[in-house]
Amino acid sequence: MIEDTFTIANKNFKSRLIVGTGKYKTFEDTANAVKASGADIVTVAIRRVNILDKGQPLLMDYLDPKSITYLPNTAGCYTSDEALRTLRLAREIGGWRLVKLEVLGDKKTLYPNMIETIKSTEVLVKEGFEVMAYCTDDPILTKKLEDVGACSIMPLGAPIGSGLGIQNKTNISLIKEQSSVPVIVDAGVGTASDATIAMELGCDGVLINTAIAEAKNPVMMAEAMKYAVLAGRKAFRAGRMKKRQYASASSPKKDLI
Amino acid sequence: MNNLNVAKIQLNGNAYEIKHGTNLDDLVNRLKLHKNKVAIEVNGEIVEKNKYPSLVLNKNDKVEIVHFIGGG
C-alpha cells in the first residue's frame, strides 16, 4: 500500500488532525486533550505577558515546542499590519516560520477578510514565512492565496466556534480538487462526524479547537476526533461505493429456499 | 531609590518604573521571564535576543513583551 504522508511546507506529519489550545480551563487540561488527540501540530496565540503576575506557569511548560509543532496564529487581528506584527513577534520568540494567518473581517461572524489575508500572505512569504491561511470557502480566492505562495489553504467549514459542521461541501470539494497545496478545514467542526466528512471530501487535514475544548469530556472528544479523522481519511482513500437510487440485495438470490 | 535614578517606561500598556541603565536582559530577569519564551518590541521595533544586553531603556520607551498562550 502506498504510504499516506501528510506534508506541509516540506515537513512530514503523522496526524492529519491539528488542534487549537484555546478555551481550556487549565494548561493541564490542554495538555491532556492534545495528547489524546494525537496531534503533531497545535495552534497558539501571541499575547502580552502578564507583568503583574510574575512566575506564572506558561503554555510552553505543558506543551513542549520541541516535541510538538507550535503553529502561531494571528487570532484577533483585523488588519494586515496587526497580523504581520504578531507573526514577526512569534518568529522572534523562537524562530517559528510556519504560521497560521487569520485576518478577520467581522467581530460577530469572525469571517476572514480575504483582501487583507491575501495581502498579508504575499508579504509574509517574501519574508520567508510558511503561511497556512485561514480563508473563506471561495475557490477563486483560495486559488489567489495559493498563487501568492500560501503553503496551505484553510477554508472554514462554518464560523469559528460555531460547531455547525461543514456547511458547503461542494465548495470544499472544489477547493480541494483545484489546490496543489494541502487543504485543511479550519473552523466549524462540532463533533466527530463533521471531521470525518471533511476528510471524506478529500481534505488533507482538519483543525479543531472548540469542539474538543467545549465538549463535556474534552479528552474523550479529542480521542474521538483522532479516530474520526483517521476514519474519514481511510474512507476517502478506499474510494466509496457509487450511490444508487434503489436497493441492491447483499445476499445472493441463487439457491434461495 | 532616589527619583533621579528612576525612569518611567510604558510596559505592555502600563506605566512601569525602571532603574536608569536597565537593559532588556535586566528587565526580563526582573520580571522572572525566560528570554527564549518571549519576544520584545521597543518603540514598535522587534529586538533580537542577542541585542538584549546592549539595549538600554530610556524614559518613555514603549516596551511590549509577548509570549505564546492557548489559542485556536
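Farther than 12 Å from A:Pro218 by Cα, within 12 Å of another protein chain (Cβ to nearest Cβ) and of a type in the set (Val, Ile, Thr): does that describe A:Thr43?
Working: farther than 12 Å from A:Pro218 by Cα: yes; within 12 Å of another protein chain (Cβ to nearest Cβ): yes; of a type in the set (Val, Ile, Thr): yes.
Judged against the criteria, A:Thr43 is a match.
Can you name every residue in segment A:35-47 that is in contact with a strand residue (DSSP E or B) (Cβ under 6 Å, 6 or more places away or on another chain) and either surrounded by fewer than 16 Cβ atoms within 10 Å (Cβ to Cβ) or closer than 22 Å to A:Thr7 by Cα (or both)?
A:Ser37, A:Ala39, A:Asp40, A:Ile41, A:Val42, A:Thr43, A:Val44
Mind listing just one residue for me: the one in segment A:86-114 that is within 11 Å of another protein chain (Cβ to nearest Cβ), out of contact with any Asp or Glu (no Cβ under 8 Å at 6 or more places or on another chain) and farther than 17 Å from A:Gly22 by Cβ and, of those, surrounded by the most Cβ atoms within 10 Å (Cβ to Cβ)?
My answer is A:Leu87.
Given the conditions (1) buried (at least 18 other Cβ atoms within 10 Å of the Cβ); (2) in contact with a strand residue (DSSP E or B) (Cβ under 9 Å, 6 or more places away or on another chain); (3) within 25 Å of A:Thr117 (Cβ to Cβ), and given that A:Lys226 satisfies all but one, which numbered condition is not satisfied?
So the condition that A:Lys226 fails would be (3).
Sort through A:Gly163, A:Gly188 and tell me the only one that's on the phi > 0 side of the Ramachandran plot and crowded, with 23+ Cβ neighbours inside 10 Å.
Criteria check complete, one pass: A:Gly188.
Is it the case that some residue within segment A:15-32 is farther than 30 Å from B:Lys32 by Cα, surrounded by 14 or more Cβ atoms within 10 Å (Cβ to Cβ), away from every other protein chain (no Cβ under 14 Å) and modelled with pLDDT of 95 or more?
Yes.
The values are calculated or read from the model by the stated rules, or taken from the named source; none is laboratory data. Note that this is a predicted model, so its numbers are computed, not measured. Reconstructed Cβ throughout: ideal geometry from the backbone, glycine too, with neighbour counts over all protein chains shown.
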